[in-house]
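Notes for the one structure printed next.
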Amino acid sequence: MSSESAELVPRGYRVGEWEVTDLIGAGGWGTVYAARRADVPAGDAKVDDGSPAVPRETPPKEVALKFLHTAGLAPRQARGLVETARREAELSRRTRHPRLIRLYDSVTLGERDGAAFDGAVVLVMERAELSLRELLEALSPSGRAVPSPSSTPLGDEPLSASEGARLLTEICEGLAHLHGMGWVHGDLKPDNVLIMADGSARLADFGLAAELTGTHAYIPPLGTPDYLPPERWQASLGEQGVQIRQSTDIWALGVMIHQVFTAGSSPFPGATPAARAAAAQQYADGRAPLRMDPRVPPFWRDLAADCLSPTHAVRAAHTLESLMARIRAEEERSVVPPRPRRTSSWTGRTATCSARRPTPAPSCACSPTTSSSTSPCSRSPYGCPSRSWAPWAPCAPTSTATGGCAKQV
């Protein structure tokens, strides 16, 4: 949608109880505006903080309004936009989840709302801070003018490996819920992942989402070339649209994994979307290897490689359920295990430190060879203060009240 049409909605325009405040962004599907409840003073308005799902009748004080304009469109195009709104509303009604953006209401405008808005559909949605695309472009040296990292919910440092892993895990959680409910997102990309005020990620824009009938569904022949799997380019167009499976989302996830750790770079070379799509096709045909940036951590590199399996048949084995199981296992492996307690080999009993470690360390006579009981205790390999620690030398602390070394014998 052009910038001219994006300017059609003036500040202060009312949609039900909502009043438009600012333009957030414009795209091919419509324009999105910030809005607040009309009876709330500007200084009192507050963005939703990502708390549990807000009931439809009590949305937050600030929301996002997504305008889907039908004026000037051919009847078939207008019906397509109305269908887009219906898909989003239906998905929101049936798949509530903390990792999916919430849709509070859907409003169809009429003549009394102005000739330019007659027939337009407005979706009242949860408001976010920015999209993942904006975040990645802010971190890219060649990115467009977008909010700097210091103005994002993730702080003023470049996206770290741990932050990238957290965002991707949250994206996978949302996608796993969708797939578990029998849906396909159909347009997964950084633009459709929104970052909330608390830094968490939520999937959005379900205009191409479709419910499976058996193993597949049908959607309009639309999509973003950088995220379409190789088989999509050979898909035939029928009366119901093009066939789509959940493995389509898996491919798009593989591309996004690479982008999150490389400030938006695609795993396929090329200066244009068409060139990158051609490179992806060469890889799928076996004429070029998959080369991923070394900045992608090894675990996520392996996961992305599986998501980018060249055929649907191979990719279908990597379901979101299996991917989430691998992610959870990796999280458990990354947790540092607690230090084991010392067990004396000569008694089979446990050596422990009584009370809390003193500051400064008390004087101990922990060895028959200790020449002075007033000398500071050194650290034993297991945290028990001793001067000349040895398993055969029982500790004799000079003051158990202040803490020190105590060995059970």
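The values are calculated or read from the model by the stated rules, or taken from the named source; none is laboratory data. As the structure is a computational prediction, the values presented were derived from the model and not from experiment. With ideal geometry, Cβ positions are generated from the backbone for all residues, glycine too; neighbour counts draw on all protein chains shown.
Anything in the stretch 270-322 that is of a type outside the set (A, V, I, L, M, F, W, C) and under 29 Å from GLY182 (Cβ atoms)? List them, or say none.
Answer for the stretch 270-322, where residues must be of a type outside the set (A, V, I, L, M, F, W, C) and under 29 Å from GLY182 (Cβ atoms): ASP302, ASP306, SER309, PRO310, THR311, HIS312, ARG315, HIS318, THR319, GLU321, SER322.
Testing HIS258 on (1) part of a helix (DSSP H, G or I); (2) at pLDDT below 90, one condition comes back false. Which one is that?
Failed condition: (2).
Yes or no, residue by residue, for (1) touching a residue at least 40 places away in the same chain (Cβ under 8 Å); (2) surrounded by fewer than 24 Cβ atoms within 10 Å (Cβ to Cβ); (3) not in a loop (DSSP other than H, G, I, E, B); (4) not aromatic (Phe, Trp, Tyr):
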site: PHE206; (1), (2), (3), (4): yes, no, no, no
site: TYR218; (1), (2), (3), (4): no, yes, yes, no
site: PRO221; (1), (2), (3), (4): no, yes, no, yes
site: TRP233; (1), (2), (3), (4): yes, yes, yes, no
site: SER266; (1), (2), (3), (4): yes, yes, no, yes
site: PRO269; (1), (2), (3), (4): no, yes, no, yes
site: ALA275; (1), (2), (3), (4): no, yes, yes, yes
site: ALA278; (1), (2), (3), (4): no, yes, yes, yes
site: GLN282; (1), (2), (3), (4): no, yes, yes, yes
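Would you kindly identify the helices (runs of 4 or more DSSP H) lying entirely within the stretch 75-183 that contain at least 3 residues that are surrounded by 20 or more Cβ atoms within 10 Å (Cβ to Cβ) and modelled with pLDDT of 80 or more?
132-139, 161-180
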